[in-house]
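A short write-up of the structure that comes next.
The values are calculated or read from the model by the stated rules, or taken from the named source; none is laboratory data. Remember, it's a predicted structure, so these values are computed and weren't measured experimentally. Positions of Cβ are generated from backbone atoms using ideal geometry, with glycine treated the same way; all protein chains shown enter the neighbour counts.
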Amino acid sequence: MLALCRCLPRPNSTRKYICRSLHLHYYSTLSSSRREQVTIPCRSNGHITLRQVSAQSDTSLFHPLVASGPAPAIILYLPPGPLLPTALPTVDVGAALSSVTSATVVQINYRCSHEHRYPTPIHDVLTGYDWVLEHLVLSRSFYRPGRNINHRVKLAVCGELVGGSLAAMLTLTECRLQGPYVAAAAINEPIVDWVFPEDDGVDEESVADRFSSFVEALQSGRKPKAKSKPCPTSFSTFAENGILKASTLLKARNNLFRKHDDYFDTFASPLFNFRTAGIAVPSPRPKTPADDFAELSLYERDDFHRQQMKMSSLSYRLQNPDMQAEETAESTKKPRKSHKRWPNAGSGLRIPQMRISSAATSPLSDQVGEFARLIQKSIVAQEIKTVEADGDDAAKEAAYMLAERQIYHRTSESMRLWSLGQTHDLKHIAHWFEQILQ
């Protein structure tokens, strides 16, 4: 299994291992069919399947098409994951993409369920991506007679919902300046921030706190200040969206992540490449007692530890009275959202062209819009630094225009999911991919 780490350049040994592990009996192909399926072992953690849909009937995984024309473009498609209601009819997005483009569409059927929690979906997508580079991209583009060996191979990736989150992750980590790279991405309703607004800890003072503040204001002769109400979020405003409910997202998060720390990772929440979460990682989920006796034992043990901590804290404060005020202020200090620089200098990455779409009535609308804005901001900062034009207004304006062209964010009135039949959008995306991958 691939080790999930923050060091972006992954070693070639992973790809070599996958290549050695793939014997002929792992393949299930039909040379006369437009659809072919491959089973890929994930080391000691089961396997995943890749489904290839090619516009050319004689294309084979074993014998890549060698022709006088350019090698077919490759589009990676990541399914939406376990969020859509089973009662809703779905369409084959991979086949729909292939029907309107000459590109080869590879669908990575990553595992994502209560049995296969994060980071398994991330590992699966990276394993599938490595397999494509090893068996489709390199053989078609690097080793074809007459091909310039220095020609850089470009791929495209698309996905929605959980697949959109994974597509964003893959795009931001595989947009390399050398070798094959993701040159374009189309993501629809992606979950780029699993820390939903309900977790942001909207400051709700207790009755005692509000009364204490009121008394202090009266004693000092000041008029009590009314706290401004926070702006409503799309997550709460459109919590009852008919296709994707906020409760569905919260339930999915509990099922797909073992620990709270897991969805604070940048691979799971790509938005955190560009800013901090803004809240502390919640405490671990309490263990469920097996029976009443276990529950009583757990309560007594927790109560004992709680009393010991109070006694220890009281003793320390009596000995160090000056430290009490500082500790109180530090403990009540709320983390803030702060911007982060991405890509980091020297990372060998450059953000590619992206099309990001969401609905104004989606509970994910706020985070998707913020994701697009932060990427644009990163591109502007990178461009201004590249041309060293801190005081050049014309260069700044050109950088902003480039960022808007490179990261296109479209907002629709209602939710338009590809897997629910909105294939018209796929036609534009497929043609856009072809223009970039030429």
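Only one of these is more than 23 Å from S269 (Cβ to Cβ) and assigned to a helix (DSSP H, G or I): E370, E397. Name it.
E397
Quick check on region 162-219: of everything there that is modelled with pLDDT of 95 or more and part of a strand (DSSP E or B), which residue is nearest to K245 (Cα to Cα)?
Within region 162-219, the match that is nearest to K245 (Cα to Cα) is N188.
Return the pairs, sorted by first residue and then second, in which the second residue is at pLDDT below 95 and not in a helix (DSSP H, G or I), the first residue lies in region 255-284 and is within 18 Å of G159 (Cβ to Cβ) and aromatic (F, W, Y), the beta carbons are less than 9 Å apart, and the residues are 6+ apart or on different chains.
Note: pairs meeting the criteria are F267/L4; F267/R6.
What's the total number of residues in region 249-276 that are part of a loop (DSSP other than H, G, I, E, B), surrounded by fewer than 20 Cβ atoms within 10 Å (Cβ to Cβ) and of a type in the set (A, V, I, L, M, F, W, C)?
Summing the residues that are part of a loop (DSSP other than H, G, I, E, B), surrounded by fewer than 20 Cβ atoms within 10 Å (Cβ to Cβ) and of a type in the set (A, V, I, L, M, F, W, C) in region 249-276 gives 1.
Which count do you get for residues in region 81-129 that are modelled with pLDDT under 90, among the hydroxyl-bearing types (S, T, Y), in a helix (DSSP H, G or I) and touching a helix residue (DSSP H, G or I) at 6+ places or on another chain (Cβ under 8 Å)?
Final tally of qualifying residues: 0.
Could you tell me which residue of region 393-421 is nearest to L83 (Cα to Cα), considering only residues that are touching a strand residue (DSSP E or B) at 6+ places or on another chain (Cβ under 8 Å) and of a type in the set (A, V, I, L, M, F, W, C)?
Selected residue: L417.
When both residues are 6+ apart or on different chains and their Cβ atoms are under 7 Å apart, which pairs have a first residue that lies in region 168-188 and is in the same structural domain as H428 (by TED's automatic domain parsing), and a second that is among the hydroxyl-bearing types (S, T, Y) and in a loop (DSSP other than H, G, I, E, B)?
That search, which allows pairs on different chains as well, returns nothing.
Might you check whether a residue that is in a loop (DSSP other than H, G, I, E, B) and at pLDDT 80 or above occurs anywhere in region 67-78?
Yes, because at least one residue in region 67-78 is in a loop (DSSP other than H, G, I, E, B) and at pLDDT 80 or above.
Please indicate, with yes or no, whether at least one residue in region 402-423 is touching a His at 6+ places or on another chain (Cβ under 9 Å), in a helix (DSSP H, G or I), among the aromatic types (F, W, Y) and touching a residue at least 24 places away in the same chain (Cβ under 8 Å).
No - not one qualifying residue is present in region 402-423.
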